[in-house]
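Here, each number is a calculation from the coordinates, and none is a lab measurement. All values derive from a computational prediction rather than experimental measurement.
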Amino acid sequence: MCRKWALDLRGSRVRFVTCNAPLTSAHCSVMEIRAFAEQILLQPELDRKLAPPTESLTDLSPGDAMVLTEPARTPDLRFAPRRTAPKMPAFGAFSHPEKRGLAHHIMANHELQALEVMAWVLLAFPEAPPSFRAGLAGVMRDEQRHTRMHASRARALGVPFGSRPVNCYIWKKAMSFTGVLDYLAGLPLVFEAANLDHSIEMAEAFEAAGDPQSAAIMRQIHLDEIEHVRFGLHWLQVLKPEHLTPFQAFEQHLHWPLRPCKARGTVFQREARKEAGMDDEFINAVEAASDEKV
Ligand SMILES: [Fe+2]
Ligand SMILES: [Fe+2]
């Protein structure tokens with residue numbers, strides 16, 4: 001590792017930033033978190049969206065808020081009109097490789113949207129705490145890897161990523177976020193929390209279909225998702241008003257149709273939620289949440 005001077009323009013301070021380049025390397029550079037987010041949202045090529053930064057990330061110039069309405073994507077991955085993207089195949093159809101490939105195709109798009117939403121948050125809320133922004137950039141590296149894993153498996157099963165229409169469900173929900181607490185409630189504590197259940201359901205369905213490679217991807221994502229939910233819960237606890245419990249803050253920052261019952265799948269993974277740091281009150285409230293419109 002080498003260290004390099006960087007100028008913090010906001011505080012007129014000079015400080016060290018670390019660089020992962022070996023000491024013998026002549027190359028040592030840094031990338032701003034904002035540039036990382038812009039690379040994901042403003043340029044359409046999938047390879048570049050999914051390229052983890054090779055430089056150390058700095059956050060010296062978060063810049064002005066930029067609220068984008070749609071991520072740049074290549075034509076094959078642009079959001080399709082409502083109800084035109086294929087639905088998740090029934091688990092009973094997983095004996096057909098093409099159906100499993102379609103499942104990975106759909107999940108690759110989920111992961112890509114999660115990545116894009118996180119980049120959107122970095123650009124929309126530059127005033128968020130620097131350690132939240134740095135942590136989010138770390139989660140984004142995982143989402144890049146998850147997208148690559150699903151895309152690669154979809155291709156191996158005969159359904160290259162981009163060969164089917166893709167929906168914009170997660171992205172559209174994020175467009176109602178008005179602050180970091182909305183993001184924390186809506187993405188880590190709904191979509192990623194629900195994926196604690198969905199990832200295991202999927203892993204078991206792939207195993208039942210005799211596809212241990214696909215199952216292994218889901219189990220890896222499950223483990224990563226525990227950390228992502230932990231990250232979301234931690235920051236909800238840090239940023240919420242003191243008089244609210246974590247669950248109250250979570251519920252108050254959800255925008256319809258997101259609601260607590262959407263934060264779970266079919267088979268409830270209580271232990272995974274405990275591992276992510278949720279207390280019994282939060283877990284029980286999610287498990288018991290009604291699906292009725294109030
Ligand atoms: Fe993911
Ligand atoms: Fe995640």
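Dividing the convex hull volume of the alpha-carbon atoms in the chain by its residue count gives 148 Å³ per residue.
Within the set K87/K274; K49/K274; K49/K172; K172/K240; K173/K274, which residue pairs have Cα atoms separated by over 29 Å? K87/K274; K49/K274, as the Cα separations exceed 29 Å there.
Placing one equal scatterer on every Cα of region 151-294 and applying the Debye formula, the log10 ratio I(q)/I(0) at q = 0.14, 0.17, 0.18 Å⁻¹ is -0.71, -0.98, -1.07. Using the alpha carbons alone, the radius of gyration of region 75-164 stands to its Kirkwood radius in an Rg to Rh ratio of 1.08.
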